[in-house]
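These notes concern the structure reproduced below.
The values are calculated or read from the model by the stated rules, or taken from the named source; none is laboratory data. Every value quoted in this text rests on a predicted model; they were computed, and no experiment measured them. Cβ atoms come from the backbone with ideal geometry, glycine included; neighbour counts cover every protein chain shown. In case anyone asks, the SASA skips ligands and DNA or RNA and just uses the protein heavy atoms, side chains included. Shrake-Rupley method; radii C 1.70, N 1.55, O 1.52, S 1.80 Å.
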Amino acid sequence: MSRVIYVNGSYCAYDEAYVHVEDRGFQFADGVYEVCEVRNHRLIDETRHMQRLVRSLNELEIKQPMSLKALGMVMRETVRRNRVRDGLVYLQITRGVARRDFIFPHADNPCSVICLARISSFAKADALAEQGITVITLPDIRWKRPDIKSVSLLPNALAKQQAKRAGAYEAWMMDEDGNVTEGSSSNAYIVSSDGNVITRPAETGILRGITRSVIFDLAEREGIQIIERPFSLNEAEQAREAFLTSATSVVLPVVRINDRTIGDGKPGALASKLRALFHTQAEIAE
Ligand code: PMP
């Protein structure tokens, strides 16, 4: 089946889905994005993803190009036209096309809006979760506003590539104090010996993950305590469990950090439970 991508008002054939070379997304990474999980044709946690999108746009002073209802319709239609049952939908908004200049174009300059959807294999993801994943650690070399979901993702791509080269699934990035910030495309957690989940506060140098916020609600429902505080690599290596979250990987248990085995080297019970229960807590769109 041929893929279709939404570009500025049109659903284009994949080979004809273009933006202009002077798009500010291309020249300055001047744009934001969201990725929602699609499950059984439905969008997962759309409301929270759209709230974060609005926040990212506001932080960068990019005018919201259309209502959230209209953006939701674009996402649904892109999912439908690509016949995605299970996978993801990606929405990107940039400050639009303008003569290359660091100064913003006039506020009336139209944004660029693109949306794509594609399938992913849940069976593969489940197999990965049953096995557990390896992460490596690297210095966090990103800018100081990772709370904005901007398309400026080069440090993240470099980190993920290094992880791949090392045979790992993800790279956990570390701040100058030796504490883990987050993964290149996921949030990071450990479980202490007394069964509490520890994760870095979202106010300090990480993206406030939507999966993370749903995990907080789920943990409260299940009587699991989450403590928001930075944790060091050393503490992570000694932890009972470790795991990561993102919209596309949901919850994945970490069984190895660099050369150190975590716990007994098998996916942790708590991480596996959170993964199994995630969609009982997430918002599933109509
Ligand atoms: N941190 C980073 C740097 C990310 O790119 C992502 C994925 N978008 C996340 C965390 C997880 O966020 P979410 O749960 O909203 O997918």
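See the values below:
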quantity: Segment 139-165 residues that are closer than 21 Å to D177 by Cβ, paired with ones that are loosely packed, with under 13 Cβ neighbours inside 10 Å (beta carbon under 7 Å, 6 or more apart); calculated: P155/I141
quantity: Meets criteria (in contact (Cβ under 8 Å) with a residue 24 or more places away in the chain, part of a strand (DSSP E or B), of a type in the set (A, V, I, L, M, F, W, C) and surrounded by fewer than 21 Cβ atoms within 10 Å (Cβ to Cβ)) for L57; calculated: no
quantity: Pick from segment 20-30, criterion out of contact with any helix residue (DSSP H, G or I) (no Cβ under 7 Å at 6 or more places or on another chain) and either assigned to a loop (DSSP other than H, G, I, E, B) or assigned by TED's automatic domain parsing to the domain that holds A247 (or both), ranking: surrounded by the fewest Cβ atoms within 10 Å (Cβ to Cβ); calculated: V21
quantity: Top-ranked residue of segment 214-246 - restricted to ones that are in contact with a helix residue (DSSP H, G or I) (Cβ under 6 Å, 6 or more places away or on another chain) and open to solvent by 20 Å² or more (accessible area, probe 1.4 Å), ranked as nearest to the ligand (Cβ to nearest atom); calculated: D217
quantity: Criterion violated by Y33 - all others in (1) within 16 Å of the ligand (Cβ to nearest atom); (2) surrounded by fewer than 17 Cβ atoms within 10 Å (Cβ to Cβ) satisfied; calculated: (2)
quantity: Verdict on N82 being over 17 Å from the mean Cα position of the chain (by Cα), surrounded by fewer than 19 Cβ atoms within 10 Å (Cβ to Cβ) and of a type outside the set (D, E); calculated: no
quantity: Residue count, segment 48-85 (criterion: among the charged types (D, E, K, R) and more than 16 Å from the ligand (Cβ to nearest atom)); calculated: 9
quantity: Residue within segment 156-167 that is open to solvent by less than 70 Å² (accessible area, probe 1.4 Å), within 12 Å of the ligand (Cβ to nearest atom) and closer than 25 Å to S272 by Cβ present; calculated: yes
quantity: Qualifying position, being under 21 Å from M173 (Cβ atoms) and either part of a loop (DSSP other than H, G, I, E, B) or free of Cβ contacts under 8 Å to residues at least 40 places away in the same chain (or both), among E220, E237; calculated: E237
quantity: Subset of segment 172-186 that is part of a strand (DSSP E or B) and among the polar types (S, T, N, Q) - its residue that is nearest to the ligand (Cβ to nearest atom); calculated: T181
quantity: Meets criteria (at pLDDT 95 or above and at positive phi) for E61; calculated: yes
quantity: Qualifying residues in segment 196-213 (those that are in a helix (DSSP H, G or I) and touching a strand residue (DSSP E or B) at 6+ places or on another chain (Cβ under 6 Å)) - the one nearest to the ligand (Cβ to nearest atom); calculated: T211
